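Engineer: Please see the structure below; I have some questions.
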Amino acid sequence: MSTATAIAHPNIALVKYWGKRDSVLNLPATGSLSMTLDIFPTTTTVTLDDAAERDSLVLNGDERTDGPAERVSRFLDIVRALAGSSARARVETVNTVPSAAGLASSASGFAALAVAAAAAYGLDLDTRALSRLARRGSGSASRSIIPGFAIWHAGEDDESSFAEPLDAPELAMVVAMVEKREKAVSSREAMRRTVLTSPFYPAWVSSTAESLEAAADASRAGDVERLGRITEVNALRMHALIQSCDPPIRYLNPVSVEIFDRVAALRESGVDAWATADAGPNVVVLTEPDSVDAVTAALTGLAELAVARPGPAAALVTRADG
Ligand code: 2P0
């Protein structure tokens, strides 16, 4: 039985993906820009089983038959179609990122699954094809295929929507884990609701496309300050957009807001630091490596903290034919 194991890391977007143009192909309304982290890896093993009638999923030691298992099985259907195979698979995955807390476990999860499943089914995919494949599982996973900084091009179609590396200055992130509980509304549902109900959505799409251009230029030029400013503005615009849904959704809680305030105060005192947050209450502070200690000192007592630097590409660890 063919088996393969892969490791991938989560990523945090500086310019966010929020809204789809095509939910079958997972094509985003706009491109996005992120840093893949060197912490919280996901390790996934895919083992083909010719005798099995259905796919199976063991997630963090628990056999699952609910939503996550169905989502993995639908993803494997895409891999099987590419490989011309009908073999079912057993997927065992261990996430070290706190699951479903807005810390992008689906990004590392589907990036690791894409790499492991492609290898187990005998596909020889280059980085671009792996990024496109990971995108089908979860949009943000397209970026976790790439090491360090990545830009995910919105593209026109399946072929042109992929992530690739982007030159960037030396940066670090301080992850403030405000809450590890499962969020009330999934990103997927919240995105759908945003597109359907927010009157601000068209403005979000046009302004984010502009922010992406500006952020990519700033990143290539090594302009930390400009990149940081765009990051914080884009995050708060995304949260304002999400709050403008009907019924409304609010991911930031009072502790999250307090962290944004402390980061603003740090900037007043001359420290280069900017806050961002995904679809949850956790806040991530973008800063320079030399300022990590000042940021952690400012946030101590508010949340559990973890320091991240740019991380590696999603990678195959082992592969064996049985
Ligand atoms: C991002 N997020 O750019 C944005 C910011 C959360 C907030 O991508 O439906 O899990 O699987 O494509 O990638 C979370 O959404 O959504 C996300 P799907 P995904 O990181």
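The values are calculated or read from the model by the stated rules, or taken from the named source; none is laboratory data. Computed from a predicted structure; not experimentally measured. Here the Cβ positions follow ideal geometry from the backbone for every residue, glycine too, while neighbour counts run over all protein chains shown. Ligands, DNA and RNA are stripped out before the accessible areas are found, and what is left, the full protein with its side chains, is counted by its heavy atoms. Shrake-Rupley method; radii C 1.70, N 1.55, O 1.52, S 1.80 Å.
Engineer: Percent of Cα-Cα pairs per 5 Å bin, from 0 to the last occupied bin, for the stretch 1-53, please list those.
Structural biologist: All Cα pairs considered, the percentages come to 5, 15, 13, 13, 16, 18, 10, 8, 2.
Engineer: Further question on the same structure: Quote the convex hull volume per residue of the chain, based on C-alpha atoms, as a whole number of Å³.
Structural biologist: 121
Engineer: Starting from the coordinates of the alpha-carbon atoms of the stretch 237-320, obtain the Kirkwood hydrodynamic radius over all distinct pairs and give the value in Å to one decimal.
Structural biologist: 14.7
Engineer: Please give the length that would be gained between GLU156 and ALA320 if that part of the chain were fully extended, namely 0.36 nm times their separation in residues minus their C-alpha to C-alpha distance (nm, one decimal).
Structural biologist: 55.4 nm
Engineer: How large a share of the accessible area of the chain, in percent, is made up of carbon and sulfur atoms when the probe is 1.4 Å and the other protein chains stay in place?
Structural biologist: 50
Engineer: Dividing the Cα radius of gyration by the Kirkwood radius, what Rg/Rh value follows for the stretch 1-110?
Structural biologist: We get a ratio of 0.99 for the stretch 1-110.
Engineer: For q values of 0.16 Å⁻¹, compute log₁₀ I(q)/I(0) with the Debye formula on a Cα-only model of the stretch 207-275, without solvent.
Structural biologist: Relative scattering, expressed as log10 I(q)/I(0), comes to -0.65.
Engineer: Between the helical axis of 105-120 and the dominant principal axis of the chain, each derived from Cα atoms, what acute angle in degrees is found, rounded to the nearest 10?
Structural biologist: Taking Cα atoms only, the helix is inclined about 30 degrees.
Engineer: Angle between the Cα long axis of helix 201-221 and the longest principal axis of the chain, 0 to 90 degrees, nearest 10?
Structural biologist: Between the helix axis and the principal axis of the chain, the angle is about 80 degrees.
Engineer: Tell me the trypsin sites (Lys or Arg not before Pro) within the stretch 30-74 that lie in a loop according to DSSP and have at most 14 other beta-carbon atoms within 10 Å.
Structural biologist: For trypsin sites (Lys or Arg not before Pro) across the stretch 30-74 that sit outside H, G, I, E and B with at most 14 neighbouring Cβ atoms in 10 Å, the list reads ARG54.
Engineer: Now for a separate question. Counting residues in the stretch 272-322 as N, plug N into 2.2 N^0.38 Å and put the Cα Rg over that result.
Structural biologist: Values: Rg = 16.3 Å, N = 51, 2.2 N^0.38 = 9.8 Å.
Relative to the rule-of-thumb radius for its length, the stretch 272-322 sits at 1.66.
Engineer: Percent of Cα-Cα pairs more than 23 Å apart in the stretch 24-180, please.
Structural biologist: Above the 23 Å cut-off, the stretch 24-180 has 37 percent of its Cα pairs.
Engineer: What number comes out for accessible area per residue over the stretch 159-209 if the probe is 1.4 Å? Units Å², please. It would help to have the intermediate numbers written out before the result.
Structural biologist: Numbers: 2590 Å² over 51 residues.
Ligands and nucleic acids excluded, the result is 51 Å² per residue.
Engineer: So how tilted is helix 127-137 from the main axis of the chain? Cα-based, degrees 0 to 90, rounded to 10.
Structural biologist: The two axes meet at around 90 degrees.
Engineer: Then there's this: Please report the net charge: other residues with Cβ closer than 13 Å to the Cβ of GLU213, K and R +1, D and E -1.
Structural biologist: Its environment carries a net charge of 0.
Engineer: What FRET efficiency do you get for ASP77 and ALA265 if R0 is 35 Å and r is their Cβ-Cβ distance, rounded to the nearest 0.05?
Structural biologist: That pair, ASP77 with ALA265, gives E of 0.10.
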